[in-house]
Amino acid sequence: MNKPLLIIGAGGHASVLVDILRQQKREVIGIVSPEIDASKEIFQGICHYSNDDDVLNFATDSIMLVNGIGSLPKSNLRAKIYDKFIRLGYKFSQVIASDVKISDFSELSDGAQVIHGVIIQVGTIIGANTIVNTGAIIDHDCNIGMNNHIAPGVTLSGQVKTEENVHIGTGASVIQSVFIGKNSVIGAGCTIVKSVDENVVCYPARITKKVIK
Ligand code: JB2
């Protein structure tokens, strides 16, 4: 049964999720955020709760949460929110846009979010609280850890494995069978052709020297 949903956060990522959920006629009963951008039409008509503790007024089995906090490198707020409410006994709903292609032989964990245009191929596992953002392609037999952000337009070839809290920036490409260690950041536009240790930041190639006079 689809339970009523409370969205945590009221920024850009939350607006994307609420848009998907409204298209799917899911019941969004509230948005929990210190402030809400009243100019965002998508949030109009939804009840606003300004404190995370307001969630505690809802019984754990009466609602599901949606983690509307997005993800930027160096911020662990999304992971902290997920962890806090899981410990309190709440469950996070998956959000899966209707226009994605997801193999029946893949696996999405609790709270995973798959945004418009994504392709997830056979044998792939997506970890809990992970965002697979607009138009990303995740090929066969990948194993994506929890609290990852696979940003818009990323391409992961087959058998890529990531640990927890990995951020793969917009438009990056990762070739097959590469491993990416926990907390690492793959910068937007990078091409990754070998494995990356934990806690590493990879920058795309940059031309810094003026060669033409
Ligand atoms: O402790 C909090 C808290 N701190 C900030 N509790 C709750 N419930 N909400 C909190 N917020 C809210 O998160 C802010 O008030 C704001 O509404 C939201 C953050 O919004 P922002 O637009 O800054 O970022 P975002 O997280 O929605 O989106 C980021 O990640 C996405 C994946 C952006 O980088 C986007 O560009 C990106 N697409």
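Can you give me the number of residues within the stretch 142-156 that are surrounded by 18 or more Cβ atoms within 10 Å (Cβ to Cβ) and under 17 Å from residue 121 (Cβ atoms)?
Qualifying residue count for the region: 8.
If you check residue 22 against the conditions, is it surrounded by fewer than 21 Cβ atoms within 10 Å (Cβ to Cβ), assigned to a helix (DSSP H, G or I), more than 8 Å from the ligand (Cβ to nearest atom) and of a type in the set (D, E, K, R)?
Details: surrounded by fewer than 21 Cβ atoms within 10 Å (Cβ to Cβ): yes; assigned to a helix (DSSP H, G or I): yes; more than 8 Å from the ligand (Cβ to nearest atom): yes; of a type in the set (D, E, K, R): yes.
Yes, satisfied.
Out of the stretch 138-154, which residues are part of a strand (DSSP E or B) and either within 10 Å of residue 168 (Cβ to Cβ) or within 14 Å of the chain's Cα centre (by Cα) (or both)?
Taking the stretch 138-154 first, the residues part of a strand (DSSP E or B) are 138, 143-144, 149-150.
Selection gives 138, 144, 149, 150.
Within the stretch 160-176, how many residues are touching a strand residue (DSSP E or B) at 6+ places or on another chain (Cβ under 8 Å) and either free of Cβ contacts under 8 Å to residues at least 40 places away in the same chain or surrounded by fewer than 19 Cβ atoms within 10 Å (Cβ to Cβ) (or both)?
10
Just one of 59, 79 is farther than 28 Å from residue 168 by Cα and either away from the ligand (no atom under 11 Å from the Cβ) or buried (at least 19 other Cβ atoms within 10 Å of the Cβ) (or both); which is it?
Exactly one residue qualifies, and that residue is 59.
For the list (1) assigned to a helix (DSSP H, G or I); (2) within 14 Å of the ligand (Cβ to nearest atom), I need the number of the one condition that residue 73 fails.
Evaluating residue 73 over (1) assigned to a helix (DSSP H, G or I); (2) within 14 Å of the ligand (Cβ to nearest atom) leaves (1) as the failure.
Could you check how many residues of the stretch 2-19 are polar (S, T, N, Q) and within 13 Å of the ligand (Cβ to nearest atom)?
Start the filter on the stretch 2-19 by keeping residues that are polar (S, T, N, Q), which leaves 2, 15.
From the residues that got through so far, the ones that are within 13 Å of the ligand (Cβ to nearest atom) too are 15.
Number of matching residues: 1.
Regarding residue 185, is this residue among the β-branched types (Val, Ile, Thr) and either modelled with pLDDT under 95 or buried (at least 16 other Cβ atoms within 10 Å of the Cβ) (or both)? Please lay out each step first, then the result.
Values: among the β-branched types (Val, Ile, Thr): yes; either modelled with pLDDT under 95 or buried (at least 16 other Cβ atoms within 10 Å of the Cβ) (or both): yes.
Considered against the rule, which asks whether it is among the β-branched types (Val, Ile, Thr) and either modelled with pLDDT under 95 or buried (at least 16 other Cβ atoms within 10 Å of the Cβ) (or both), residue 185 comes out as yes.
The values are calculated or read from the model by the stated rules, or taken from the named source; none is laboratory data. Values in this document were obtained by computation on a predicted structure and should not be read as measured data. A quick note on method: Cβ atoms are made from the backbone with ideal geometry, for glycine too, and the neighbour counts reach across all protein chains shown.
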